[in-house]
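*Asks:* I am attaching a structure below and will ask some questions about it afterwards.
The values are calculated or read from the model by the stated rules, or taken from the named source; none is laboratory data. Everything numeric here is computed off the predicted structure, so don't read it as measured data. All Cβ positions, glycine included, derive from the backbone under ideal geometry; neighbour counts span all protein chains shown.
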Amino acid sequence: MTPEEAKVIGTYLAGVLKMEMAATKRVISAIPADKLDYSPDPKSMNALALAKHIVEGEVMLIDIGLTGGDVPPQTGATDLATPAEVVDWYEKEASAAIAKVEAMSGEDLAKITTVWGGAFTMPAVNFIGFATAHSVHHRGQLSAYLRPMGAKVPSIYGPSGDSAS
C-alpha cells in the first residue's frame, strides 16, 4: 500500500468511525439502568461489560493504528458504572483518537504493523478499519440484548422496529 492510498483510506475510515460512533452511542444509551447485569447466556458478557468492551476495543484498535504497535489494554472505561458514563468516555476518547487519525501522514498510515506476538501484520490503517468492524459486531450483539431487557432498539442505520427515525 502506498502512502497516498493509505491516506485516502485513513480519511475515509475516520468519516466512517464518526458515523458509526453516533449509532454506537445510541445503542449504549438505550441500556436500561436497572438491567446492566443482563446477559442472555452465562458465556455472554453482561450489558455494561459489553458496552465498555465496545468502546475500549475501538479506542485500543485506533491507538494501534496511531502508534504502529502493541498498545496496553485500555483501562479508562473500567470504573464506569452507567451507560451515560460509558458514552461520555467514548465521546472524549474516540473523538480524540479520530482527530489524530485525520492528522496522520500517509507514510505513518501505510507503516506495516505487527501486534499480539505476530497474530496480525498489516498496514496501520487496517487497524482503524478493524476498529470499525469490532464495534459494529459487538454493537449488533448489544442491540440484540435490548428488547429482552425491556428496552427499545434505537435507530442504527435507519428506523428500527422500535423507532420512527
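*Asks:* Go through (1) exposed (fewer than 15 other Cβ atoms within 10 Å of the Cβ); (2) within 19 Å of the chain's Cα centre (by Cα); (3) at pLDDT below 90 one by one and return the number of the condition ALA99 breaks.
*Replies:* Status for ALA99: all satisfied but (3).
*Asks:* State which residue pairs qualify: first residue free of Cβ contacts under 8 Å to residues at least 40 places away in the same chain and inside the stretch 140-161, second residue assigned to a helix (DSSP H, G or I) and surrounded by fewer than 16 Cβ atoms within 10 Å (Cβ to Cβ) in any location, beta carbons under 9 Å apart, and separation of 6 or more residues or different chains.
*Replies:* Within 9 Å, the pairs are GLY161/ARG147.
*Asks:* Same structure, new question: Within the stretch 90-131, can you find the residues that are touching a residue at least 40 places away in the same chain (Cβ under 8 Å) and part of a loop (DSSP other than H, G, I, E, B)?
*Replies:* Within the stretch 90-131, MET104, SER105, LYS111 qualify.
*Asks:* Out of all the residues in the stretch 2-53, which are over 26 Å from VAL125 (Cα atoms), hydroxyl-bearing (Ser, Thr, Tyr) and part of a loop (DSSP other than H, G, I, E, B)?
*Replies:* Passing the criteria: TYR38, SER39, SER44.
*Asks:* Please work out if ALA151 is at pLDDT 90 or above and either of a type outside the set (S, T, N, Q) or at positive phi (or both). I'd like the intermediate steps shown before the answer.
*Replies:* Details: at pLDDT 90 or above: yes; either of a type outside the set (S, T, N, Q) or at positive phi (or both): yes.
Taking the combined requirement at face value, the residue satisfies it.
*Asks:* Taking the condition of being touching a Pro at 6+ places or on another chain (Cβ under 9 Å) and within 16 Å of ILE98 (Cα to Cα), how many residues in the stretch 43-62 meet it?
*Replies:* The qualifying residues number 2.
*Asks:* Separate question: Can you pull out the residues in the stretch 74-89 that are closer than 18 Å to VAL59 by Cα, free of Cβ contacts under 8 Å to residues at least 60 places away in the same chain and of a type in the set (A, V, I, L, M)?
*Replies:* Residues of the stretch 74-89 that are closer than 18 Å to VAL59 by Cα, as a first pass: 74-80, 83-89.
With the extra rule that they be free of Cβ contacts under 8 Å to residues at least 60 places away in the same chain, the set shrinks to 74-80, 83-86, 88-89.
Once the filter is applied, which keeps residues that are closer than 18 Å to VAL59 by Cα, free of Cβ contacts under 8 Å to residues at least 60 places away in the same chain and of a type in the set (A, V, I, L, M), the stretch 74-89 yields ALA77, LEU80, ALA84, VAL86.
*Asks:* Would you confirm, using the coordinates I've provided, whether THR132 is modelled with pLDDT under 90, among the polar types (S, T, N, Q) and either closer than 21 Å to ALA14 by Cβ or in contact with a Pro (Cβ under 7 Å, 6 or more places away or on another chain) (or both)? Break it down stepwise before answering.
*Replies:* Numbers: modelled with pLDDT under 90: no; among the polar types (S, T, N, Q): yes; either closer than 21 Å to ALA14 by Cβ or in contact with a Pro (Cβ under 7 Å, 6 or more places away or on another chain) (or both): yes.
Against the criterion (modelled with pLDDT under 90, among the polar types (S, T, N, Q) and either closer than 21 Å to ALA14 by Cβ or in contact with a Pro (Cβ under 7 Å, 6 or more places away or on another chain) (or both)), THR132 does not qualify.
*Asks:* Here's another thing I want to ask about it. Take the residues of the stretch 5-60 that are among the small types (Gly, Ala, Ser) and under 30 Å from LYS111 (Cβ atoms): which is surrounded by the fewest Cβ atoms within 10 Å (Cβ to Cβ)?
*Replies:* Our first condition is that a residue be among the small types (Gly, Ala, Ser); within the stretch 5-60, this holds for 6, 10, 14-15, 22-23, 29-30, 33, 39, 44, 47, 49, 51, 57.
Filter once more, keeping what is under 30 Å from LYS111 (Cβ atoms): 6, 10, 14-15, 22-23, 57.
Values: ALA6: 23, GLY10: 25, ALA14: 19, GLY15: 12, ALA22: 10, ALA23: 17, GLY57: 19.
By that ranking, first place goes to ALA22.
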